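S.K.: Below you will find the structure I want to go over with you.
The values are calculated or read from the model by the stated rules, or taken from the named source; none is laboratory data. Not measured: the values here are computed from a predicted model. Cβ: placed from backbone, ideal geometry, glycine included. Neighbour counts: every protein chain shown.
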Amino acid sequence: MTRILGIDPGSQRTGVGIIDVGADGKVVHVHHQPINLLGAESFPLRLRVLLDGLWALIEQYKPDEVAVEQVFLSNNAMSALKLGQARGAAIAACVARDLPVSEYAAKEIKLGLVGTGGADKTQVQHMVGIMLGLQGKLQADAADALAVAITHAHVRASANRLGVAARTAWGRKGRGTR
């Protein structure tokens, strides 16, 4: 069994989702939640809340691998910069705990889960719920994090079938950070 932590970085809320993946590729829901960063007094303190929250989850759930959604381009430069900083803090939190990190673009995640790279958030939420047998509406950031984890699980399974390293299974996208 491999435990995967999926992260959907955000400067206001960061979604986290944890799944277990069996040798047969079956995915099982373990945990999901948004980490709310808005209560912090400043942006640097938001990053501290993010680091502390991720470290607590890593300590509690002990993931083996991490998958992070890549930053998308934004019309607002300041928002994109803050999102990139939150993403960097999330990656740093994981590599500081010696966890391998793989990165996936939003379009790749949507394509892998829904079958189209242009899927909207409700379609992703719905498919994540179906794949993991979850009832009720999922919080958007947590659903996206679970989607990242599921995508990584699929890449790992494909790599195993092909007999290649998971980090090379999806071209450049499977390469990890360590």
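S.K.: With the condition kept exactly as written, say whether any residue in the range 94-102 is within 26 Å of His126 (Cβ to Cβ), under 13 Å from the mean Cα position of the chain (by Cα) and surrounded by 15 or more Cβ atoms within 10 Å (Cβ to Cβ).
M.R.: yes
S.K.: Here's a follow-up. Within the bounds of the range 49-71, is there any residue that is on the phi < 0 side of the Ramachandran plot and of a type in the set (Lys, Arg)?
M.R.: No.
S.K.: For the range 59-76, enumerate the residues that are surrounded by 13 or more Cβ atoms within 10 Å (Cβ to Cβ) and not in a helix (DSSP H, G or I).
M.R.: Pro63, Asp64, Glu65, Val66, Ala67, Val68, Glu69, Gln70, Val71, Ser74, listed by residue number.
S.K.: Okay, moving on. Does Ala142 meet the test of being small (Gly, Ala, Ser), in contact with a Pro (Cβ under 7 Å, 6 or more places away or on another chain) and modelled with pLDDT of 75 or more?
M.R.: Yes; evaluated as a whole, the condition is true for this residue.
S.K.: Next up: Can you tell me which residues in the range 103-123 are over 14 Å from the mean Cα position of the chain (by Cα) and under 22 Å from Gln12 (Cα atoms)?
M.R.: Asp120, Lys121, Thr122
S.K.: So, one more: Which residues, counting only those in the range 4-37, are surrounded by fewer than 18 Cβ atoms within 10 Å (Cβ to Cβ) and either touching a residue at least 24 places away in the same chain (Cβ under 8 Å) or not charged (D, E, K, R) (or both)?
M.R.: Across the range 4-37, the qualifying residues are Gln12, Gly22, Ala23, Gly25, Val28, Val30, His31, Gln33, Asn36.
S.K.: For Leu47, state whether it is over 23 Å from Gly133 (Cβ atoms) and surrounded by 18 or more Cβ atoms within 10 Å (Cβ to Cβ).
M.R.: Yes, satisfied.
S.K.: Please tell me if Arg46 is outside any loop (DSSP other than H, G, I, E, B) and touching a Pro at 6+ places or on another chain (Cβ under 7 Å).
M.R.: no
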